[in-house]
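Notes to accompany the following structure.
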């Protein structure tokens, strides 16, 4: 059984360092509005109810097999059209959502919702065609052709349907790592085209919208509103950040084998309102790097003096970063992420870091108020980065720090009894976990078994 | 776990859908809508046969008011109403889209339903017929103009 080694290890005279009163770094608090996951889900649900109400109000009876099929097609179609707008809104990088719900959770919702939309759309297409075919006494294929050829806006809708099916298939392949992340990412933009193409037939053929000004206006508001969010937060806000703050690389330093830190400077950085625990998407305007934007967490509390990120060479991109020259301009988007001091509601805080997951926790370890304990897990001793910094912080603020090294897999240090022993009063802690998915799961299981309530366990995955 | 969640989502959606649909009336007699009116199709222009016994059986005695033609994506729709005793006793379709086979099929099915709806509602506030959205819209507009003109 692997174990946790405390810092400092037993002193020679048998005395451990006494706890000095907590000195907390100045808090960077952004004052913006944040939307928590619960209320966001309720709002999305209410929207769905309103959309079903459109159908309910417009339908007087469901008669016969044709009626059942056609109406099932209408409801699924309406819901698919609604969900499509919601899914795009979730990915629009709206700060209230990014800071309140968190990017990793938004991404999970989006992925789940995406599959659901493809399912709804398929159900919609099949049941409407079938229902109309029964009404008209036609064969389904003839009916399908008639609908595509003669109904208004149906060519566009057919194209949208094929696009969405294609994107769905590509995402499934991407999940199985058969195609590259970049390819998947770029093809995903066709979702916008699909939403645009599908919009026409919703109003032109949707019985719920015919002659109903209010419903039409509501639908336009939904789609134009989402388009405005995308245009502002995905296109214009990053450009504004670029022009306003003029971020540049100040220095690149090696931290450990394959791990580098990048110091970033710029103008009026305090107005970025970045918080410890958050990340930016970084696009370095240098040869071979400018075309991809990658998310990296701030590895130190952001201040007017500069930002710092720390990157492990996991792929080609992060390996190339080591060659960045000071002065390179940066096109960054952010700050994003809900993994901040806002989540804390108790005085005692436990941070659990795995590997490069230390980066946001390193920033939180310095800046969170309260009594802190950091458990830092890595495969080998050499992979532990920031040792000096972490130990300095631990001494300066009287925080507890424990390391554990060893291979992945069973027999790791995440065990309810072990954690309870290393962290006295574990149940009364807020816990932040950041690390590889496997480790995060093991840590959460152990914490739950040790009696830490779910709402006090906060985790962020850096693999999205 | 994700598989179980996906199955759950599919199941919940299907159950919700069936429940929603089942709450609506399924009996033709309860609904002032489709097949009841379709049954009248063969009766052609003879108005309101049987189903609206309250109306005068001799609509020819009433005055006929023609509505404005209402343009739709597929062509104009124009109706005329026969007013008798301050009520709409009959609706005649003067023109409807007939540009292709599909239009004719749709309108053969939809127009009698719309007429039936108009007669029972005694107004242009009637439900759209599924699959014939444009015709329904044009019909309603032309009917409304005729009603306005007749001062009903």
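Throughout, read-outs are computed from the coordinates displayed, never taken from laboratory work. These figures come from a predicted structure and were not determined experimentally. Counting neighbours? That spans all protein chains shown, and the Cβs are built from the backbone with ideal geometry, glycine included.
Annotations
- Computing FRET efficiency as 1/(1 + (r/R0)^6) for residue A:304 and residue A:165, where r is the C-beta to C-beta distance and R0 is 51 Å, gives about 0.55.
- Sorting the segments A:346-354, A:35-43 by their residues' average number of neighbouring beta-carbon atoms within 10 angstrom, most packed first, yields A:346-354, A:35-43.
- Computed [θ] at 222 nm, deg cm²/dmol, the protein assembly as shown (DSSP H ≥ 4; -39,500 (n - 2.57); rounded to nearest 500): -15000 deg cm²/dmol
- For peptide A:50-60, the mean count of partner chain Cβ atoms within 10 Å of a residue's Cβ comes to 3.
- Over the stretch A:342-464, relative contact order from alpha-carbon pairs under 8 Å, at least 6 apart, %: 31 percent
- Taken along the Cα-to-beta-carbon direction at a fixed 7 Å, the label points for residue A:43 and residue B:5 span 2.1 nm.
- When you restrict to C-alpha pairs under 8 Å that are six or more residues apart and normalise by the size of chain A, the relative contact order lands at 18 percent.
- Pairs of Cα atoms nearer than 8 Å and 6+ residues apart set the relative contact order; for the stretch A:137-223 it is 32 percent.
- Sequence of A:367, B:130, A:404, A:345 once ranked by neighbouring C-beta atoms within 10 Å, starting from the fewest: A:345, A:404, A:367, B:130
- Taking a ≥ b ≥ c as the square roots of the eigenvalues of the alpha-carbon gyration tensor, the stretch A:125-254 is classed oblate because a/c is 1.5 or more while a/b is no larger than b/c.
- Per residue convex hull volume, Cα atoms of the protein assembly as shown, in Å³: 184 Å³
- Angle in degrees between helix A:37-58 and the longest Cα principal axis of chain A, rounded to the nearest 10: 0 degrees
- Across peptide B:136-148, the mean count of Cβ atoms from other chains lying within 10 Å of each residue's own Cβ comes to 1.
- DSSP beta bridges confined to the protein assembly as shown are antiparallel in about 65 percent of cases.
- Distance between the 7 Å Cα→Cβ label points at residue A:396 and residue B:149: 8.7 nm.
- Residue mean of other protein chain beta carbons inside 10 Å, A:67-79: 3
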